[in-house]
Amino acid sequence: MEIPDWSEDLEIKGVPYIKKSPPGPISEDYIIKAKKYVTSCWAGKQCELVDGWDLPLTVRKVANSLIQDVDDNIYIDLNAGISTMNFGYNNPEIWQRSINIMEEYGVRGIFPSNDYNLPLMINTSRKILETVPKGEIYRVHYACDGTEANETAIKTAVSFTGRNCIVSFMGGFYGRTMGSLSCMAQKAADAQTFRSLRSANIYFTEGANCPNCIFCNDPEDCAGYCVEHMLKDRVLSYQVKPEEVAAFILEPYTTGGLMHPAPEEFIKSVKEVSGDNGILLIFDEVQSGMGRSGKMWTHEHYGVEPDIFTTAKSFGGGVAPLSAAIIKDEIMEELPAYHGSTYGGAPISLAGNMAALEYMQKYKLLDRVNILSDIIEKRFKEWREFDKVYQARGWGLLKAVDFRQSKSEPLIQYKDKVKTKLFKRGVITMGGGQGRYQSMLRIIPPFTIPKYQLETALDIFEDVIS
Ligand SMILES: Cc1ncc(COP(=O)(O)O)c(C=O)c1O
């Protein structure tokens with residue numbers, strides 16, 4: 001069934017549409033006000049148009065894959081709110097269906113979902129688990145955002161195993177609260193301010209960071225050193241005994257840090273080490289889950305069952321925040337009530353999830369992710385020949401272009417300039433990277449972006465980098 005396009009709400013003059021070079025005068029005024037009154041992550045940082053992380057974008061209206069700013073410029077969004085908007089902004093069908101679901105179940109908005117039993121929660125969980133391979137061996141523990149889902153996973157592993165250490169795989173992003181943050185080694189600056197509060201019981205090993213690999217130059221030559229020598233030897237024999245380790249935590253598809261799916265061998269070896277040592281395997285699928293990678297769940301690509309996997313971002317259907325740690329039954333059988341979340345699993349979020357899952361099925365969105373992925377891949381084939389493009393990579397709609405002179409020479413300023421130029425021409429992208437390799441621009445549009453808008457945005461991208 002053809003997906004309806006409600007971006008027409010904004011499409012008066014064709015898109016992108018730049019009326020006033022951004023940020024225009026009204027935006028400038030809002031930026032001054034934001035700096036005075038707001039202390040969000042965005043306003044706290046640089047919100048002038050300098051080449052760098054944040055864009056000085058003040059939003060008036062959104063529809064599907066389009067964002068209109070307060071100066072009437074209209075942008076094509078290749079970022080989808082870092083995957084929170086997989087189903088497009090203001091999706092009218094999902095919104096209406098969520099309201100109907102809440103009416104059907106007689107619960108609106110929020111509810112003390114941790115205190116009483118909710119049929120809506122039972123039915124949503126059943127529907128979610130139907131999308132998971134071997135869903136019958138898992139249960140769903142709801143929370144509000146990605147970091148909270150990871151905190152849940154960590155607490156679950158520690159409570160279940162009675163062990164106190166975690167081995168975290170470098171390069172992944174796990175969240176900004178202290179437990180998840182303690183597990184993060186993606187950028188030294190993230191750890192710096194809060195070092196004294198970070199847990200000392202986290203040990204770090206090399207993730208599947210193949211484009212930045214310190215062991216081999218070419219994935220073709222991969223000898224699995226990261227698992228054989230680093231994890232098994234330097235970590236589990238030099239630093240911490242396997243029997244002290246509650247869990248491994250990793251992004252099987254490193255998203256914001258790399259946009260790179262781990263090779264199958266890597267995932268299988270990690271699974272073997274965890275299984276051999278009674279260590280739980282936690283996969284963070286906060287960004288890569290819900291269909292982004294081209295399959296519903298990232299671990300489906302590997303045929304490996306994690307003990308716990310976490311999801312967030314678009315999990316609430318773009319209607320309300322929702323995340324979950326999806327945990328094996330055998331673990332939950334053993335645990336008393338050990339963790340909760342006041343707003344986790346609120347009816348509005350559950351309804352958003354249920355409506356989104358129905359929507360995905362109705363419009364065969366996984367097929368669409370792969371169709372749009374092929375459109376991008378076609379361009380990537382040409383872009384790989386460009387001078388400054390080191391790699392253009394990724395599965396599904398989790399893609400990035402990495403600008404480097406060579407493997408060890410990231411072109412960060414060039415990447416920032418490309419991002420600014422794209423913005424000025426009406427295309428929104430987001431940077432990313434790990435360590436000193438902050439050299440990629442992500443291409444992660446909504447699944448619902450009309451093909452012609454994707455093609456137009458890619459034309460502009462191509463023009464800027466060629
Ligand atoms: C892979 C991954 N894990 C965890 C998180 C944390 O999620 P949240 O910001 O919802 O707490 C993020 C957020 O960007 C993420 O991309």
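A compact table of results
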quantity: Spin-label pair D367/K424, simplified geometry with 7 Å Cα→Cβ offset, distance in nm; calculated: 4.2 nm
quantity: Compactness relative to 2.2 N^0.38 Å, alpha carbon Rg of the stretch 92-362; calculated: 1.00
quantity: Inter-label distance for E130 and S466, nm, one decimal - labels placed 7 Å from Cα along Cα-to-Cβ; calculated: 4.6 nm
quantity: Förster radius 25 Å - calculated FRET efficiency between I137 and N164 (Cβ-Cβ, nearest 0.05); calculated: 0.45
quantity: Set of lysines near K19 by C-alpha distance (under 16 Å), chain-local residues within fewer than 8 positions excluded; calculated: K61, K421, K424
quantity: Globularity ratio of the chain, using Cα Rg and 2.2 N^0.38 Å; calculated: 0.96
quantity: Reachable lysines from K134, criterion Cα separation under 27 angstrom, eight or more residues apart if same chain; calculated: K155, K268, K271, K295, K313, K328, K362, K364
quantity: Label-point separation, E358 to R198 (7 Å along Cα→Cβ), nm; calculated: 4.5 nm
quantity: Calculated FRET value between S21 and Y452, using beta carbons and R₀ = 30 Å, to 0.05; calculated: 0.75
quantity: Between the stretch 215-276 and the stretch 384-406, the Cα center-to-center distance that results, in Å; calculated: 24 Å
quantity: Leading residue at positive end of dipole, the stretch 92-362 (Cβ point charges), from M170, V240, V273; calculated: M170
quantity: Exposure proxy ranking, count of Cβ atoms within 10 Å, fewest first, for L66, L411; calculated: L411, L66
quantity: Segment E409-N100, length gained on full extension (0.36 nm per residue, minus Cα span); calculated: 105.9 nm
quantity: Cα Rg, Dmax (largest Cα-Cα span) when computed across the stretch 236-384, Å; calculated: 17.6, 55
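Throughout, read-outs are computed from the coordinates displayed, never taken from laboratory work. Given the structure is predicted, the values throughout are model-derived calculations rather than measurements. Quick reminder, even Gly has a Cβ in these numbers, built from the backbone with ideal geometry, and neighbours come from all protein chains shown.
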